[in-house]
C-alpha cells in the first residue's frame, strides 16, 4: 500500500473519480464529450496531486499539492453545475457527485490545515 492510500482525503477523492466515470458514461456526444473530459480530468487530478504531494519529504511542498487538489475540486463544482444546467447530467447524478465532491473537499481541507506550519510561542 502506498502512503497516500491511507489518507482520508485521497480515499474520498478516489471514490469521486470512480463515481464520476460511472456518471459521465451517459453524457451526450455533442458538446457533452468535452464536458466529460473536463469533469474526468478535474476528478482525476485531485487525488493525483494528493498522491504527488505525499511523496514529498517537505510538509510545505505536500501542502502546496493539497492546495492544488482543492482547486481541482472547486473546478469540478463548477463543471458539475454546468453539466446539470445544460441538462447533460440528471439532477440525481449531480446531487450524488456533488455530495462526494463536498466530502472530498472537506477531507482535503482538513489535510491542508494539518500540514500548516506549527505556531511556536516566542516566550
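The values are calculated or read from the model by the stated rules, or taken from the named source; none is laboratory data. Everything numeric here is computed off the predicted structure, so don't read it as measured data. Note: ideal-geometry Cβ built from the backbone for every residue, glycine included; neighbour counts use all protein chains shown.
Just for region 67-123: of the residues that are exposed (fewer than 12 other Cβ atoms within 10 Å of the Cβ) and touching a residue at least 40 places away in the same chain (Cβ under 8 Å), which one is farthest from residue 44 (Cα to Cα)?
117
For region 35-47, does any single residue satisfy the condition of being without any contact (Cβ under 8 Å) to a residue 24 or more places away in the chain, surrounded by fewer than 20 Cβ atoms within 10 Å (Cβ to Cβ) and closer than 14 Å to residue 108 by Cα? Full working, then the answer.
The first filter runs over region 35-47 and keeps only residues without any contact (Cβ under 8 Å) to a residue 24 or more places away in the chain, leaving 36-37, 40-41.
From what is left, the residues that are surrounded by fewer than 20 Cβ atoms within 10 Å (Cβ to Cβ) are 37, 40-41.
Subsequent filtering for residues that are closer than 14 Å to residue 108 by Cα retains none.
No, region 35-47 contains no residue that is without any contact (Cβ under 8 Å) to a residue 24 or more places away in the chain, surrounded by fewer than 20 Cβ atoms within 10 Å (Cβ to Cβ) and closer than 14 Å to residue 108 by Cα.
Within region 1-19, does at least one residue satisfy the condition of being in contact (Cβ under 8 Å) with a residue 40 or more places away in the chain, part of a loop (DSSP other than H, G, I, E, B) and loosely packed, with under 13 Cβ neighbours inside 10 Å? Reasoning before the result, please.
The first filter runs over region 1-19 and keeps only residues in contact (Cβ under 8 Å) with a residue 40 or more places away in the chain, leaving 2-4, 7-13, 15-16, 19.
Then keep just the ones that are part of a loop (DSSP other than H, G, I, E, B); that gives 2, 7.
Remaining after also requiring loosely packed, with under 13 Cβ neighbours inside 10 Å: 2.
Yes - at least one qualifying residue is present in region 1-19.
Checking residue 52 against (1) at pLDDT 95 or above; (2) closer than 17 Å to residue 100 by Cα, which single condition isn't satisfied?
For residue 52, the exception is condition (2).
Given the conditions (1) within 13 Å of residue 89 (Cα to Cα); (2) at pLDDT 95 or above, report the number of the one that residue 29 does not fulfil.
Here residue 29 clears every test but (2).
Give me the residue from region 52-99 that is more than 27 Å from residue 118 (Cα to Cα) and in a loop (DSSP other than H, G, I, E, B) and, out of that set, nearest to the chain's Cα centre (by Cα).
First, pick out the residues of region 52-99 that are more than 27 Å from residue 118 (Cα to Cα): 75-99.
Narrowing further to those that are in a loop (DSSP other than H, G, I, E, B): 86-90.
On the way: 86: 22, 87: 23, 88: 21, 89: 19, 90: 20 Å.
The qualifying residue nearest to the chain's Cα centre (by Cα) is 89.
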